[in-house]
Amino acid sequence: HSPPVPTPMDYTSAWESPRATNPRRATGGGASRIPCSPVTPCTPVKPVWQQRCEDASARCPYPTHFALKQSSKGEDRLTMDVRMGSDDSLWAVFDGHRSHDVAGFSARIFPSLVWQNDHWPSQPEEALRASLCECHESARREELKGGSTAVILASVGEYLWCCSAGDSRAVAGLNGGGVHRLSTDHTAQVPSEIVRIQAAGGDVEWGMVGGTLPMTRGVGNFDLEAAGFACLPQLSSMLRSGAEFVVVASDGLWDVISDANCCALVRTLSANNCAAIADELVRTARGLGSADDIAVIVTFFPARGAGGSSAMDMSPAPSPNFPRSLQPTLVSIPSNGNFENFGNFGDFPNFTMHWRPPPAVRELPFGTVHEVRSP
């Protein structure tokens, strides 16, 4: 005897979910059944980095916007964090190259390295420097490929600290309308970097380290250390009360927008109560032709209280461990306030958070620059 021919009813049992009910079975309706797949949740899950940044922004005492728009490379990363039990805050952008591994790794571990450093918060410059160097060495131990730039902004006490290595940038819009670059670009086009590399026995060819990489400092790139690439963070500080806001971004933004025009755009958007300032900066860069990855963080620093003196105090953050040769030198770039048309503001997918509109600010002290060199 030939075996019985299975009916459609027999094929459904392997597909049915314990949570799913079939109306035909409940009503006894016909043998013609369509196999149904298990019921699965359809709720989208946010990327871990985005959820982490949103959580940090909710705890941050300073209004923050951020946006990340990747190109086909997909190597930019950003992060932010607030130290538990305090107002100490940190914002960072890592622009990867030749791989996204080092940038992603740095974004994940850097905040905890800072908070756990023995020098934080008494010596923030040393804590930031040591943490970035430890990030570099941790990536070496993990045998990660490629490398990354790094630019970090940290708020502790009454001061803002910037730690940078590479060509990502942090630019402060000052109370009173000025512009102050907190970071320093480290590329093979900078004469002092060429001198440093050649003095160390490295090689600069065709305007690149080892003929390969335009950046001279950062994290990773262990195969280019012999050619002169190094993790040598540069530190700067300014009184937080002197800053209206700070823009921290990768070169996908700065390659097409100048410091002054960027700050002018932020002020224009803020005055118009824009709820997505970082998004608009990305759209502007795209409209100007930037095809690179773009990571942007914009943080506002409202004046605390209505009172207080508006006299300009040029004092840097206390730095007792700096030799005299590295003591701060004031740098101020005045803005002419002009704002030009930045091009098409087309829509595209990206991520943005905005928490509170910045209140009125007042003119107060600003900036200093000094460098911490690795031992």
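The values are calculated or read from the model by the stated rules, or taken from the named source; none is laboratory data. Note that this is a predicted model, so its numbers are computed, not measured. Please note: Cβ atoms are built from the backbone with ideal geometry, for glycine as well, and neighbour counts cover all protein chains shown. Accessible surface is based on the protein model in full, side chains and every heavy atom, while ligands, DNA and RNA are left aside. Shrake-Rupley method; radii C 1.70, N 1.55, O 1.52, S 1.80 Å.
Can you tell me how much longer the chain between Ala276 and Ala199 gets when fully stretched, taken as 0.36 nm per residue apart minus their C-alpha distance, in nm with one decimal? Numbers along the way, then the final one.
Details: separation 77, 0.36 × 77 = 27.72 nm, distance 4.58 nm.
Full extension of this stretch gives 23.1 nm more.
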Quiz item: Between Ala303 and residues 5 or more places away or on another chain, which pairs have amide H atoms under 5 Å apart, with H built 1.01 Å from N, and which residues are they?
Solution: Arg362
Quiz item: Hey, what do the phi angles of segment 235-251 turn into as Karplus ³J(HN,Hα) couplings, whole Hz, using 6.51/-1.76/1.60 and θ = phi - 60°, x for Gly and Pro?
Solution: 10, 9, 8, 7, 5, 4, 5, x, 9, 6, 6, 9, 9, 10, 7, 7, 6
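How high is the FRET efficiency between Gln116 and Ser71 when r is their beta carbon distance and R₀ equals 35 Å, given to the nearest 0.05?
0.55
Taking the highest mean first, how do the peptides 235-245, 112-122 order by number of other beta carbon atoms within 10 angstrom per residue?
On the way: 235-245: 24.7, 112-122: 16.2.
Packing proxy ranking, top to bottom: 235-245, 112-122.
At 1.4 Å probe radius, can you tell me the per residue accessible area of segment 175-315 in Å²?
Details: 4900 Å² over 141 residues.
Here the per-residue accessible area is 35 Å².
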Quiz item: With all protein chains present and a 1.4 Å probe, how do Arg129, Arg196, Arg98 order by accessible area, largest first?
Solution: Arg98, Arg196, Arg129
Practice problem: Would you kindly derive the ³J(HN,Hα) couplings of segment 61-73 from the backbone phi angles with the Karplus curve 6.51 cos²θ - 1.76 cosθ + 1.60 (θ = phi - 60°), listing them in order in whole Hz, with x for Gly and Pro? | Solution: x, 10, x, 9, 10, 8, 8, 9, 10, 8, 8, 5, 6
Quiz item: Using a basic spin-label model with each label point 7 Å from the Cα along Cα→Cβ, how many nm lie between Gln51 and Arg304?
Solution: 3.3 nm
Exercise. May I ask you to give the percent of accessible area on segment 38-127 that is carbon plus sulfur, with a probe radius of 1.4 Å?
Key: 54 percent
